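Read through the structure below, which is laid out as structure tokens, and then see the notes.
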Number of protein chains: 2
Amino acid sequence: MTNKKKTTIKDIASVLNISAAAVSKALHNDSRISDKTKIAVRQVAKNLNYQPNHLASALRSGKSNLVGVIVPKTNSNFFSSVIENIEQVLNKEGYNIIITQSNESFKKECDSIDTLLFTQVDGIIASMANETTDLVYFKKIKKNGIPLILFDRGENNLNVDYVGIDDYASSSLIVEHLVNQGCKRIAHIGGYKRTRIFNNRIRGYVDALNKFNLPLDKELLIESSLTIEDGRAKMQQLLALKNKPDAVYVAGDYAALGAQQVLLENNIKIPQEIALVGFGNEPFTAMLTPSISSINQHSDEIGKKAAEAFLVHAKNSSFTQTLNKIILNAELIIRDSSNKKNQ
Amino acid sequence: MTNKKKTTIKDIASVLNISAAAVSKALHNDSRISDKTKIAVRQVAKNLNYQPNHLASALRSGKSNLVGVIVPKTNSNFFSSVIENIEQVLNKEGYNIIITQSNESFKKECDSIDTLLFTQVDGIIASMANETTDLVYFKKIKKNGIPLILFDRGENNLNVDYVGIDDYASSSLIVEHLVNQGCKRIAHIGGYKRTRIFNNRIRGYVDALNKFNLPLDKELLIESSLTIEDGRAKMQQLLALKNKPDAVYVAGDYAALGAQQVLLENNIKIPQEIALVGFGNEPFTAMLTPSISSINQHSDEIGKKAAEAFLVHAKNSSFTQTLNKIILNAELIIRDSSNKKNQ
DNA sequence: TATATTTGCTTAAACGTTTAAACAAAGGTA
DNA sequence: TACCTTTGTTTAAACGTTTAAGCAAATATA
């Protein structure tokens, strides 16, 4: 009942009176081992409930078969779906993933990187914390010669692989849609400008306004942490303006939810008085009343592409990490919160 | 620029002209090594950017310092917060965690267990998938002699540690509160009865009705998967009754959100016509209009206690796994959705 | 002074695997 | 017959640590 010793290849070898090396080769289907031996080895392995010691093979081969994944927080559908897809692709190739949450904290992110390096992961796939501006720890990953793949929050000057959607074009899509709905004063509750993706969304917004000959009103462009709470606060700020907007484009769904609550509490009709568009296509956007239009970020594709990008490096050990952007087209899902024609 | 060989203790040893063993001991602050040598070793280690090889020490010591965590899905605040707290406690003790999501699928859960066993984790902390009724894979963990700690969805007959809240008493708290609000027909949209925690909530509900001399109407007791979508469906089912309820207690916040949407769409006043209570205290419950009353499951405490329970086993290697339930008192957070006095 | 203890290190084996090199036996080729 | 190839295996070293055992030198004890 107590800790019986684990079965090793030596145990199998001694049962069959062959060498441990032969067992190892038989289990790896080496062409120089006879079918007879292979079958016998597999049978004994099964009988003794043999489980290969991953640590020993990892030590010998210099590969841990572990990939680290760092996300700001797993509690959104976007990140949990990305992770799920990374896991799916990598498990098939014999890799396991270690997930860590940075909680949007720079310090926690640095700790996570140290931990993952210590654990000898074969690669790191990461989306950066909101706070992060100093890239020294990500450079440390590169210095260690470990493949680094960034996604979503990660576009930068590190010259590594990046997988994400076209944020600039997404903003354009949204503004165009709102203009088509007859909106003239379109506000943007954006993320922090220092984060590249949010900056791209802001640039896309500004350039699109320009394209449609709408003036840029600085009061209508606000930076936010994009939490529900901050979405509420920034919406209240917009409602306090003398000249209110007739549409609000929020760079995150949670903040859009907060904004919507404030609008509803103030009995403002959505989309007639103020139209609302979010970003991320979290499942709840479809379930709210009114449902919120949003940008589908293709979390499944992002996860798969990121995992595949890692595998490319893992297979060519002589890799040199260079800038390699994989940009997916995003898709605007139009729902009730911005669809006047449907009302 | 390319993969320079990693520094090992041998490199440090040869620089100082001492043995590798001395270096190892110096780094572990062995009392039999002189301060002079310790200081020199640490200095050289730093200069050469030495990173201990976790795989080698794990192989030698038979411990991987990895703990597997299996959750149904990370995308709720409850699970991501439990994970965060587990990580915090375990990192301090030198452990890293590997998180896997079962996606509520029995098969995926089994795969996760196999993967974690293969990775030689030192322990597994898990919350079971909705689908799981067959415990054969969890028994496999026990058979492997690896500590198993269950939390939230995991109460069962496996005779292992369990950390969770008092679901039975929570139901009682809710029913009592609703009775105090003057409700007489209290419905319960519960989870699947086969899952112990949901069964406990159902029993608590039934017994509490009895205690307050309210009749049990089978039409008002419904099993659900507790997703937003199913919460909507089950609420619609309740509204279709000739004799509608005047309160609904939903065993999960996401389903409660779905239920609330249906109520709002039907212009039913909350809580005056129908009062609503959820379960889990997801942050969004406080942000909705009306805010939803809910049960605080103390995710932080659950995470910490689960990690501590693992550490107890890890420190006494001669452990025998027995039933050890840690049940936390839950707390009812009363908000607008069930507070008539406030309206 | 002789003996015991402490200090500070070294040696060597071990953890469980993988793999290059060696080699015997069997079969093929000229 | 003499040599080459293929087949199927063994031997031994290696991956980077940890740790029990050993030992010489310094210090303490009587």
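Tell me, which residue of segment B:79-110 that is among the aromatic types (Phe, Trp, Tyr) and touching a strand residue (DSSP E or B) at 6+ places or on another chain (Cβ under 9 Å) is farthest from the other protein chains (Cβ to nearest Cβ)? Before you say what the answer is, go through the steps one by one.
Of all residues in segment B:79-110, those among the aromatic types (Phe, Trp, Tyr) come to B:79, B:95, B:106.
Then keep just the ones that are touching a strand residue (DSSP E or B) at 6+ places or on another chain (Cβ under 9 Å); that gives B:79, B:95.
On the way: B:79: 8, B:95: 10 Å.
Only one residue tops the list, namely B:95.
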_Could you go through segment B:81-93 and let me know if any residue there is at pLDDT 95 or above and either within 12 Å of DNA strand C (Cβ to nearest atom) or among the basic types (Lys, Arg) (or both)._
no
*In segment A:14-36, which residue that is buried (at least 16 other Cβ atoms within 10 Å of the Cβ) and within 7 Å of DNA strand D (Cβ to nearest atom) is nearest to residue B:114 (Cα to Cα)?*
A:25
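Only one of A:166, A:152, A:161, A:111 is over 14 Å from the mean Cα position of the chain (by Cα), at pLDDT 90 or above and either among the acidic types (Asp, Glu) or not assigned by TED's automatic domain parsing to the domain that holds residue A:292 (or both). Can you tell me which? Walk me through it before giving the result.
Working: A:152 fails: over 14 Å from the mean Cα position of the chain (by Cα); A:161 fails: over 14 Å from the mean Cα position of the chain (by Cα); A:111 fails: at pLDDT 90 or above.
A:166 is the lone residue from the list that is over 14 Å from the mean Cα position of the chain (by Cα), at pLDDT 90 or above and either among the acidic types (Asp, Glu) or not assigned by TED's automatic domain parsing to the domain that holds residue A:292 (or both).
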*Please specify each residue of segment A:53-73 satisfying the condition of being near DNA strand C (Cβ under 9 Å from one of its atoms) and of a type in the set (A, V, I, L, M).*
A:55, A:56, A:58, A:59
*Which of the residues that make up segment A:6-46 are under 42 Å from the mean Cα position of the chain (by Cα), within 28 Å of residue B:147 (Cα to Cα) and more than 7 Å from DNA strand C (Cβ to nearest atom)?*
A:7, A:45, A:46
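Among the residues of segment B:187-194, is any of a type in the set (Ser, Thr, Tyr) and open to solvent by less than 50 Å² (accessible area, probe 1.4 Å)? So that I can check it myself, show each step before the final result.
Step one: of segment B:187-194, the residues of a type in the set (Ser, Thr, Tyr) are B:192.
From the residues that got through so far, the ones that are open to solvent by less than 50 Å² (accessible area, probe 1.4 Å) too are none.
No: segment B:187-194 contains no residue that is of a type in the set (Ser, Thr, Tyr) and open to solvent by less than 50 Å² (accessible area, probe 1.4 Å).
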*Only one of (1) more than 12 Å from chain B (Cβ to nearest Cβ); (2) in contact with a strand residue (DSSP E or B) (Cβ under 7 Å, 6 or more places away or on another chain); (3) crowded, with 20+ Cβ neighbours inside 10 Å is not met by residue A:147, so which one is it?*
(1)
*asked:* Can you list residue pairs whose Cβ atoms sit under 6 Å apart, with the first residue in segment B:5-23 being not assigned by TED's automatic domain parsing to the domain that holds residue B:42 and the second being open to solvent by 60 Å² or more (accessible area, probe 1.4 Å) and near DNA strand D (Cβ under 8 Å from one of its atoms)? Count only pairs 6 or more apart in sequence or on different chains.
replied: none
*In segment B:57-71, is there at least one residue being assigned by TED's automatic domain parsing to the domain that holds residue B:149, surrounded by 13 or more Cβ atoms within 10 Å (Cβ to Cβ) and in contact with a Ser or Thr (Cβ under 6 Å, 6 or more places away or on another chain)?*
yes
*Any chance segment A:51-65 includes a residue that's under 21 Å from residue A:306 (Cα atoms) and at pLDDT 90 or above?*
no
*Got a sec? Which of B:50, B:137 is without any contact (Cβ under 8 Å) to a residue 60 or more places away in the chain, over 18 Å from the mean Cα position of the chain (by Cα) and away from chain A (no Cβ under 13 Å)?*
B:137
_Quick check on this structure: which one of A:178, A:226 is buried (at least 21 other Cβ atoms within 10 Å of the Cβ) and part of a loop (DSSP other than H, G, I, E, B)?_
A:226
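The values are calculated or read from the model by the stated rules, or taken from the named source; none is laboratory data. These numbers come from a predicted model, not from an experiment. Note: ideal-geometry Cβ built from the backbone for every residue, glycine included; neighbour counts use all protein chains shown. Remember, those area values only see protein heavy atoms, side chains included, never the ligands or the DNA or RNA. Shrake-Rupley method; radii C 1.70, N 1.55, O 1.52, S 1.80 Å.
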